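Notes to accompany the following structure.
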Amino acid sequence: MKKCFFLLFNIILISSLFAQLPVNIDQLSDLQLKEYLDQVKLSGLSEYELEVKARQKGLTSEQINKIKARIANLPSTTGTPKVSINEFGNNTQKRIEPQAITNEKVDVKNKSKIFGAELFSNANLTFQPNLKIPTPRNYVLGVGDEIEADIFGFSEAKYALKVSEEGLIRIPYVSPVKVNGLTFEDAEKKIKQSLIKIYPEILTGKTSVQLSLGQIRTIRITLIGEVVKPGTYDVSSLTSMANALYLSGGPNDNGSFRNIQLIRNGKLITTFDLYDFLLKGDLTNNKRLEDDDIIKVSPYQVRVELKGAIKRPAVFEMKPTETLGTLINYTGGFTDEAYKQSFRLIRIGNDEKEIKTIPFENYPAFQLNSGDVVIIDSISNRYKNRISIEGAIFHPGEYSLDVTVNLKNLLSKAVLKENAFLKRGLIRRLKDDFIPEMLDFNVLDVLQGKIEIPLKREDSIHIYSISELQEKYTVNIAGEVNNVGSFNYTDSMKLQDLVLLAGGFKEGASAKKIDISRRIKSDSLNEKDSIKYAVIKTITLNKNLISSQTLQQFTLFPYDQVNVRKDPSYMEQISVFIQGEVLYPGEYVLQSKNETLSDLVTRAGGINSTAYPSNAILLRNTFRDKVEKTMAQIKTYNVNTQDKDSTSKEIINSEIDNPRQIVNIHLDKALEQPHSAQDLILENSDILRVPKFKETIQTFGGVYFPRKILYEKGMSFKRIINESGGFLINAGKRNSYVQYANGEVSSTKRFLFFKKYPHIKPGCEVYVPLKREKKPLTTGEIIGIASAITGMASIVFGIINLTK
């Protein structure tokens, strides 16, 4: 109520300004407009009376609308009405919308159940009047309409004739013509009659006149009653009742869709039933509105809800003379699965609800009350004569019991497959109390007519296939074939067939030794344990899969495993690598199994003058567990050497991809004495690295300044330690060791009180480990040890006393 008061207050403010405002509204500032608003006092006049007074003061409709817009746009104005605009062509439909209604939320969930409510929430259906049509002959002219007159022929002229507030149009050189309240057809005759005075050729037909409606006036209508947004609206003069209802949001939850009244000058003009449009597409009573028309939406009288197996379940509004039969027609009728023997009805009584049953023959004339809920059930999902069959048949599915009364007849219609298992079939049947049971039968006996099994409703028959009842048969082939693996077994499958399925032999396959292992299976009734795993047979073929007549008849059994061995004389190329200070580094293929380090260096052109063979190393593949450990170490080293040069990173990354371990070698001795014990035999993927002479020695661990030291001939271990600042206090001197560039490690030797430190060679690394820090005993540990000793002493003394 308070917000509605604000709406009326602002309308009065607008009208009360007219005596004080200047003629040019556009020149009025917001501050001046606020001052005028502060001076205005409330009056008891209606909105219409206020506008009439404003027009008496000389203000036009355009100026009044400008004032409304200016007040609505004032930033500090509170309680002013909001204006919502819906455009119809070049005209606008304006509605003064109170804020209380603007913030109102429509319960779409409940409203959507009401038949016809979706009409006013559908964005594709707006009921906007069509302005792109010829002017209706029965259109009633009023103030604000504009008539366009086009004169052509002997004389030519065009006029835009606007109906004044007095209802007149002014034609130049002709007295004013009153057209207000006339239909367009009558006004056309009257205007032509006036034009004859200045265009007499109209009578002879030499000059013609064509009239059309140009600018359309705006009218004001009011919607009251049970509508979503009641109020006053400025709309186009072509607006109909349906247009206005759409603008207002349609009837609310209590509004009637079938009793919408048009009141004009206090008289009832027509009653619009929306069901005529929704069900028949009939808009006969959708009358065009005129100025000051009132549309009243009455509350509904009877509403009934239909649920269940009908085509359009919803809440329907009914007239007193309509019955359940009429309501069923409104829904579009029953669905195909509707149960039509009887319907259920829930009715609201005086103090409680009740259930009624409506027989089918009584429903067309059955009278309903408001609030009734009619439920149309669906038929049960049962069959009175259904039987089904599945499995090893050509036509599985459901059959009628009427024409397949026994099992033999059903099997003849379904047609058994060739792989059907004929010794046993299965019937799933429901007893009289619907408890399921299983019945077995001999399929062959049924087909031969030895037994006859009558069928019952809902029987389900299953015919097994032979393949369904046995393990899938396969054979396996491995070894020197192109596609190893398992293959489906077929009867009479030969060894040659399996080799072909596997893509044939590889280049290094030996067809002279093909082993076939077969499962041991006893066919005797007396089952005995056996120590044998399998029966193995060796067969010889050539590369063309040809063998003796006896072996050609060799047939595989299910689950046989075939192994094709490798030819012992067939050898694939084995490559090794040599890197560093040789004349031709790179990859070399070994010529024989006995090729050694010295042979590889000779094939590489010998070592360069800058080479230092004593520090050469050999990298070789090793066991899996050691490989994984080496990879972890290399990755850790890679993380800690981010500032290494690109060459070092390449070496590290290559070792991650191909992990190997260092093998201690003495390449200098191997080159001096080829094929001696120091000349190691090469293996696949070995890498021989021949470095340059390294002039530095690196110290690590328990020294004060770990560093690189320039090598001098005859340098001792102690001198290296002294040049690194000496041992730390916690240095483990006894465990010091040296790792040479070729991978060898030499540790410190001890004899009585004497120590013999390792020799120093160019490029070696000196490691001095640290002693483990000994933590002092805590107070608690001391107390615990003392308690244990005391306890043990007490036990010893007790034993001694007992032995005395």
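The values are calculated or read from the model by the stated rules, or taken from the named source; none is laboratory data. Just so you know, these numbers come straight off a predicted model, no measurement behind them. Every residue, glycine among them, receives a Cβ derived from its backbone with ideal geometry; neighbour counts consider all protein chains shown. Ligands, DNA and RNA are stripped out before the accessible areas are found, and what is left, the full protein with its side chains, is counted by its heavy atoms. Shrake-Rupley method; radii C 1.70, N 1.55, O 1.52, S 1.80 Å.
Side notes on the structure shown:
- Tally of Lys pairs whose C-alpha atoms are under 19 Å apart, taken over the stretch 161-213, 8 or more apart or cross-chain: 12
- Applying the Karplus relation 6.51 cos²θ - 1.76 cosθ + 1.60 with θ = phi - 60° to the stretch 741-752 yields 3J(HN,Hα) values of 4, 8, x, 6, 10, 10, 9, 6, 9, 10, 9, 6 Hz, where x marks Gly and Pro.
- Portion, in percent, of the accessible area of the stretch 681-804 that falls on carbon or sulfur, probe 1.4 Å: 60
- Accessible surface of the stretch 354-481, 1.4 Å probe, proportion on carbon and sulfur as whole %: 51
- Trypsin sites (Lys or Arg not before Pro) lying in DSSP loop within the stretch 730-783, provided at most 14 other Cβ fall within 10 Å: LYS771, ARG772, LYS774
- Semi-axis lengths (Å, descending) of the ellipsoid that matches the C-alpha gyration tensor of the stretch 669-709: 34, 13, 11
- On full extension, the segment bounded by LYS669 and SER460 gains 66.3 nm, given 0.36 nm per residue less the C-alpha separation.
- Site pair LEU422 and LEU728 shows an inter-label distance of 9.2 nm when each label is modelled 7 Å from Cα along Cα→Cβ.
- For the stretch 345-394, the fraction of C-alpha pairs farther apart than 17 angstrom is 58 percent.
- Residue-by-residue Karplus 3J(HN,Hα) for the stretch 758-775, coefficients 6.51, -1.76, 1.60, Hz, glycine and proline x: x, 6, 9, 10, x, x, 7, 10, 9, 10, 10, x, 9, 6, 5, 6, 8, 7
- Using a Förster distance of 41 Å, the FRET efficiency for SER609-ARG772 (Cβ separation, nearest 0.05): 0.30
- Restricting the calculation to Cα atoms, every distinct pair contributes to the Kirkwood radius of the stretch 178-337, found to be 19.0 Å.
- Hull volume per residue, based on the alpha-carbon atoms of the stretch 322-433 and their convex hull, is 173 Å³.
- Cα-based radius of gyration for the stretch 437-499, normalised by 2.2 N^0.38 Å, reads 1.96.
- For the set LYS311/LYS413; LYS593/LYS761; LYS280/LYS307, the pairs lying more than 29 angstrom apart at their alpha carbons are LYS311/LYS413; LYS593/LYS761.
- Calculated FRET value between SER378 and GLU452, using beta carbons and R₀ = 41 Å, to 0.05: 0.60
- Rolling a 1.4 Å probe over the heavy atoms of the protein chains gives the stretch 157-274 an accessible area of 45 Å² per residue.
- Phi angles of the stretch 601-616 translate, via the Karplus equation with coefficients 6.51, -1.76, 1.60 and θ = phi - 60°, into HN-Hα couplings of 5, 5, 5, 7, x, x, 8, 7, 5, 8, 6, 10, x, 4, 9, 5 Hz per residue; Gly and Pro are given as x.
- If only the Cβ of Lys and Arg carry +1 and only the Cβ of Asp and Glu carry -1, the dipole of the stretch 757-804 around its Cα centre is close to 100 debye.
- Rounded to whole Å, sorted largest first: equivalent-ellipsoid semi-axes of the stretch 167-273, Cα gyration tensor: 42, 13, 12
- With kT/(6 pi eta Rh) evaluated at 37 °C and eta = 0.692 mPa s, and Rh the Kirkwood radius from Cα pairs, the stretch 188-244 diffuses with a coefficient of 220 µm²/s according to Stokes-Einstein.
- THR335-ILE348 pseudo-label distance in nm [points 7 Å out on the Cα-to-Cβ vector]: 2.7
- √(5λ) per eigenvalue of the Cα gyration tensor, the stretch 467-523, largest first, Å: 24, 14, 9
- Applying a DSSP loop filter and a limit of 14 other Cβ atoms within 10 Å to the trypsin sites (Lys or Arg not before Pro) in the stretch 153-207 leaves ARG170, LYS197, LYS206.
- C-alpha center-to-center spacing [the stretch 147-169, the stretch 259-275] in angstrom: 35
- The stretch 454-479 versus the stretch 187-247: alpha-carbon centroid distance in Å: 84
- Percent accessible area from carbon and sulfur atoms, the stretch 254-352, protein chains only, probe 1.4 Å: 42
- Close amide H pairs (under 5 Å, H built 1.01 Å from N) link LYS506 with VAL481, ASN482, residues at least 5 positions away or on another chain.
- Rounded accessible area per residue of the stretch 659-804, 1.4 Å, Å²: 69
- Sites LYS692 and ARG565 - FRET efficiency at Förster radius 41 Å, r taken between beta-carbons, to 0.05: 0.30
- Local electrostatic count, ASP515, Cβ distance below 10 Å [Lys/Arg +1, Asp/Glu -1]: +3
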